[in-house]
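Everything below concerns the one structure shown next.
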Amino acid sequence: MNANERVFPVRNYDLSATLSSGQAFRWRHHDDSWVGVIGSRWVRLQATNASIIAQTAEPVGDWRWLNHYLQLDLDLDAVLSTFPNDDPMRSAVGHSRGLRLLRQDPWECLASFILSSTKQIVQIQQIVTLLCSRFGDPVDAPPDRGLVNAFPLAARIAALPESDLRACKMGFRAPYLLAAARLVADGKLNLAALEKLPLPEAREELLQIPGVGRKIADCVLLFAYGFPTAFPVDVWVMKALCELYFPKRRPTRQRLERFTETYFGPHAGYAQQYLFHYMRTRPVPRP
DNA sequence: CTCCAGGCGCCTT
DNA sequence: AAGGCGCATGGA
């Protein structure tokens, strides 16, 4: 049965926290709903008490792509129950219960996070918006929505001069994005093949890409491939770890890595997202 | 004006 | 191993 609307019953799903938590950069809040593009589909999502209402521009027969993107079949309580039962995690989970991890397209995720270094989330959104509007394939959208574009294909970006990328305000990240796009377009980097690899091997593959270090690699491993123990440590998570878990003195790099690999359990990546969102959105601590 | 933002690469100790 | 610096850009 084809339709351009569908109601997904959900429980404990905080759509706003999820779509605004710095995993994906193309979602915009309009009125009481969220508008974005998944693959080549324009999508509007509206959260109600116990459901998410999805609307597309064109009729959809099989909604598994959205189910997969939103990870609707995940048992969140089962994930939360694996977190360490300590004060920081209780605070972080209590602050935004229902925060989820999405399952994004690897190329879009990789490209977006290459553009993320030393940028605030709002600015990453601006760069991605420019990139999509200039080089993304047009996508069908409701008539009053203006032009909407998919995220640009790697092959399209690979064929651009660096100046066209710099014109999207990405600065020194332009050659990194270009190099990554060429690796993918030339078939030297098979992103689809990474999902079958063990985490360390998939990470090593990503670390070969210019402009991709441990943090960006782990973002892609977590947000696109769903490796449950990928654990990106950015300035916010570092702040959480140092303030909440190592208040006495700064841990060594090796001590910190050992800690993040063991302490947070089999869904450490999820725990990381709760810590990240908590540090970014909690009330400013009084001195 | 200075400082810094979901880092990385390269260069020093 | 660990720290400093430059890299574009824009906002506070």
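Each value in this text was obtained by applying a stated rule to the coordinates, not by laboratory testing. Owing to the predicted nature of the structure, the values given are computational and were not obtained by experimental measurement. Here the Cβ positions follow ideal geometry from the backbone for every residue, glycine too, while neighbour counts run over all protein chains shown.
Brief remarks follow.
- Spread of Cα-to-Cα distances over 5 Å intervals beginning at zero, given as percent, for the stretch A:1-88: 3, 12, 23, 24, 18, 9, 6, 3, 1, 0
- Annotation: amide H-H contacts under 5 Å for A:Gln71 (H modelled 1.01 Å from N, sequence separation of 5 or more, or interchain): A:Arg103.
- The A:Asn85 and A:Glu195 beta-carbon pair, evaluated with R₀ = 22 Å, returns a calculated FRET efficiency of approximately 0.10.
- Residue with peak Gaussian network fluctuation, chain A [Cα springs, cutoff 10 Å], from A:Asn12, A:Asn85, A:Asn149: A:Asn85
- All lysines inside 17 Å of A:Lys169 as judged from Cα atoms, apart from same-chain residues fewer than 8 positions distant: A:Lys119
- Each Cα pair of the stretch A:223-287 feeds into the Kirkwood radius, which the Stokes-Einstein equation turns, at 25 °C and 0.890 mPa s, into a diffusion coefficient of 197 µm²/s.
- Filter on A:Lys196/A:Lys239; A:Lys215/A:Lys248; A:Lys188/A:Lys215 - keep pairs with C-alpha separation over 30 Å: A:Lys196/A:Lys239
- Computed Rg/Rh of the stretch A:4-157, alpha carbon atoms with Kirkwood Rh: 0.98
- Among the trypsin sites (Lys or Arg not before Pro) in the stretch A:146-226, those located in a DSSP loop and surrounded by at most 13 other Cβ atoms within 10 Å of their own Cβ are A:Lys188.
- Order of A:Trp27, A:Trp65 - criterion: other Cβ atoms within 10 Å of each residue's Cβ, fewest first: A:Trp65, A:Trp27
- Taking A:Asp14, A:Asp144, A:Asp164 and counting other C-beta atoms within 10 Å, the order from fewest to most: A:Asp144, A:Asp164, A:Asp14
- Likely footprinting exposure, A:Ile121, A:Ile38, fewest C-beta neighbours within 10 Å first: A:Ile121, A:Ile38
- Geometric extent, Cα atoms of the stretch A:166-207 - Rg, Dmax (angstrom): 12.6, 38
- Note that the stretch A:171-249 carries a Kirkwood radius of 13.9 Å, evaluated over its alpha carbons pair by pair.
- Set against the 2.2 N^0.38 Å expectation for a compact globular protein, the stretch A:147-287 has a Cα radius of gyration ratio of 1.23.
- Compactness of chain A is given as radius of gyration and Dmax, 19.1, 60 Å, from Cα positions.
- Using just its DSSP H runs of length 4 or more, each adding -39500 (n - 2.57), chain A gives a mean residue ellipticity at 222 nm of -11500 deg cm²/dmol after division by all residues.
- Cα gyration tensor category, rounded, prolate or oblate, for the stretch A:103-147 with a/c compared to 1.5: prolate
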